[in-house]
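The values are calculated or read from the model by the stated rules, or taken from the named source; none is laboratory data. Not measured: the values here are computed from a predicted model. When we count neighbours, we look across all protein chains shown, and the Cβ atoms used for this are built from the backbone with ideal geometry, even at glycine. Heavy atoms of the whole protein, side chains included, go into the accessibility calculation; ligands, DNA and RNA do not. Shrake-Rupley method; radii C 1.70, N 1.55, O 1.52, S 1.80 Å.
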Amino acid sequence: MNSKKPDNVVFNTDTQKYDAALKPYSTNLGAPAIQLMDTIAWKNRSINKVNHKIQTRYQELKEAYDKMMAEFDHNNLIYNAKFSFEPIIGEQYHLYTKQDGTNFLSIIAPDQCNFESLGSFYLNADQIWEKL
């Protein structure tokens with residue numbers, strides 16, 4: 001005879017034994033009710049924090065990339081320009097455009113000549129030109 005036990009009796013139908021003492025939770029009627037916690041607020045806070053952190057890191061990487069590309073463009077422009085001297089590390093030089101559109105590097109400052117200035121540059125110890 002398979003009789004149904006009341007809800008307040010802990011009877012395991014598989015083993016046909018009473019196993020209230022083996023449960024990882026309390027089983028008597030006076031025990032606190034098991035309620036699911038609302039994790040939506042925690043998830044939303046965590047998602048916002050992670051999104052903010054990733055967005056901040058992305059902006060830092062984008063700024064570093066933009067700076068590196070500008071440095072690459074300046075160096076490419078200077079190394080493709082014409083100059084008839086060997087630049088000295090630590091010195092300041094000026095890049096100009098001639099009337100025919102060619103670029104050249106000079107030691108003459110922009111206020112001392114009439115060429116179109118593309119900027120002043122400094123050659124650092126790594127042989128990289130830095131715009132001043």
State whether one or more residues within region 82-97 are among the small types (G, A, S), open to solvent by 90 Å² or more (accessible area, probe 1.4 Å) and at pLDDT below 90.
yes
Tell me, please, whether a residue that is in a strand (DSSP E or B), of a type in the set (S, T, Y), in contact with a His (Cβ under 8 Å, 6 or more places away or on another chain) and under 13 Å from S120 (Cβ atoms) can be found in region 80-103.
no
Please list, ordered by first then second residue, the pairs with beta carbon atoms under 8 Å, 6 or more apart or interchain, first in region 67-93 and in contact (Cβ under 8 Å) with a residue 60 or more places away in the chain, second of a type in the set (S, T, Y) and open to solvent by less than 100 Å² (accessible area, probe 1.4 Å).
none
Within region 104-123, can you find the residues that are among the hydrophobic types (A, V, I, L, M, F, W, C) and not in a loop (DSSP other than H, G, I, E, B)?
F104, L105, L118, F121, L123
Of the residues that sit in region 121-132 and are out of contact with any helix residue (DSSP H, G or I) (no Cβ under 7 Å at 6 or more places or on another chain) and of a type outside the set (D, E), which one is most open to solvent (accessible area, probe 1.4 Å)?
L132
Some residue of region 42-51 being surrounded by fewer than 14 Cβ atoms within 10 Å (Cβ to Cβ), at pLDDT below 90, out of contact with any Cys (no Cβ under 9 Å at 6 or more places or on another chain) and part of a loop (DSSP other than H, G, I, E, B)
no
Using beta carbons and a limit of 6 Å, which pairs, at least six apart or on different chains, have the first residue in region 114-132 and within 13 Å of Y93 (Cα to Cα) and the second one modelled with pLDDT under 90 and open to solvent by 100 Å² or more (accessible area, probe 1.4 Å)?
G119/K131; S120/L132; F121/K131; Y122/L132
